[in-house]
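Below: the structure, in structure tokens.
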């Protein structure tokens, strides 16, 4: 089964995107497999709305390990199962919490085996000087994804006014990427994301 991995900074909207994308694909209940850095695996069954209440939040690093859902998507006249994996947010700083440091390392390690990469960037955080900072983790993800040729960039929070203004800047900063504006909260752009995922699984 092919694996589609969601990466990005803390609070970029990865978990909410994963859960609402699962709902968009027709899931009402999900089984989430949690994989910790040391290899421990547990599985929990959630109604989707309950998963949002428990797994999403405004706190940084709410997601501290890998969280995978098996979903079904139409590819031509057939239906294909694939694994959608949410990850710990990654930043440039060395975090004081060892568990979060291990979660970041786990995210980066997973990229090597990922079949397709969905890179989320919070459009409201795209600054004017962001283009000059090519040492940022977003540029590392971008360069790796482009080299793998299995990557799209999702500009999240397009439903917010400042995000719309920043979309052209994001596209110019990452010129080789396919950029899709989305709202993880309101499912905007999900049809386009679904089409890319279907072509790559």
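Does any residue of segment 19-36 turn out to be surrounded by fewer than 21 Cβ atoms within 10 Å (Cβ to Cβ), in contact with a helix residue (DSSP H, G or I) (Cβ under 7 Å, 6 or more places away or on another chain) and within 24 Å of residue 138 (Cα to Cα)?
So far as segment 19-36 goes, no, none of its residues is surrounded by fewer than 21 Cβ atoms within 10 Å (Cβ to Cβ), in contact with a helix residue (DSSP H, G or I) (Cβ under 7 Å, 6 or more places away or on another chain) and within 24 Å of residue 138 (Cα to Cα).
Mind checking which residues of segment 163-194 are assigned to a helix (DSSP H, G or I) and either modelled with pLDDT under 95 or farther than 17 Å from residue 84 by Cβ (or both)? Please lay out each step first, then the result.
So the first thing to find is which residues in segment 163-194 are assigned to a helix (DSSP H, G or I), and the list is 163-173, 190-194.
Of everything in segment 163-194, those that are assigned to a helix (DSSP H, G or I) and either modelled with pLDDT under 95 or farther than 17 Å from residue 84 by Cβ (or both) turn out to be 163, 164, 165, 166, 167, 168, 169, 170, 171, 172, 173.
Any residue in segment 67-85 that is surrounded by 12 or more Cβ atoms within 10 Å (Cβ to Cβ), in a loop (DSSP other than H, G, I, E, B) and in contact with a helix residue (DSSP H, G or I) (Cβ under 7 Å, 6 or more places away or on another chain)?
The answer is no; no qualifying residue exists.
Is it the case that segment 149-162 has a residue that's touching a residue at least 40 places away in the same chain (Cβ under 8 Å), touching a helix residue (DSSP H, G or I) at 6+ places or on another chain (Cβ under 9 Å), assigned to a helix (DSSP H, G or I) and surrounded by 15 or more Cβ atoms within 10 Å (Cβ to Cβ)? Explain how you work it out, then say what you get.
The first filter runs over segment 149-162 and keeps only residues touching a residue at least 40 places away in the same chain (Cβ under 8 Å), leaving 150, 152, 154, 156-157.
This time we only want the ones that are touching a helix residue (DSSP H, G or I) at 6+ places or on another chain (Cβ under 9 Å), so: 150, 152, 154, 156-157.
Now narrow it down to the ones that are assigned to a helix (DSSP H, G or I): none.
No, that holds for no residue.
With the structure loaded, tell me whether residue 92 is exposed (fewer than 14 other Cβ atoms within 10 Å of the Cβ), touching a residue at least 40 places away in the same chain (Cβ under 8 Å) and within 22 Å of residue 119 (Cα to Cα) or whether it fails that test. Steps first, please.
Numbers: exposed (fewer than 14 other Cβ atoms within 10 Å of the Cβ): yes; touching a residue at least 40 places away in the same chain (Cβ under 8 Å): yes; within 22 Å of residue 119 (Cα to Cα): yes.
Criteria met by residue 92.
Residues of segment 20-63 being touching a strand residue (DSSP E or B) at 6+ places or on another chain (Cβ under 8 Å), in contact (Cβ under 8 Å) with a residue 40 or more places away in the chain, in a helix (DSSP H, G or I) and under 30 Å from residue 93 (Cα atoms), which ones?
21, 55
The values are calculated or read from the model by the stated rules, or taken from the named source; none is laboratory data. Quantities reported herein were computed from a predicted structural model and do not represent experimental measurements. For neighbour counting, all protein chains shown are included, and Cβ atoms are generated from backbone atoms with ideal geometry for every residue, glycine included.
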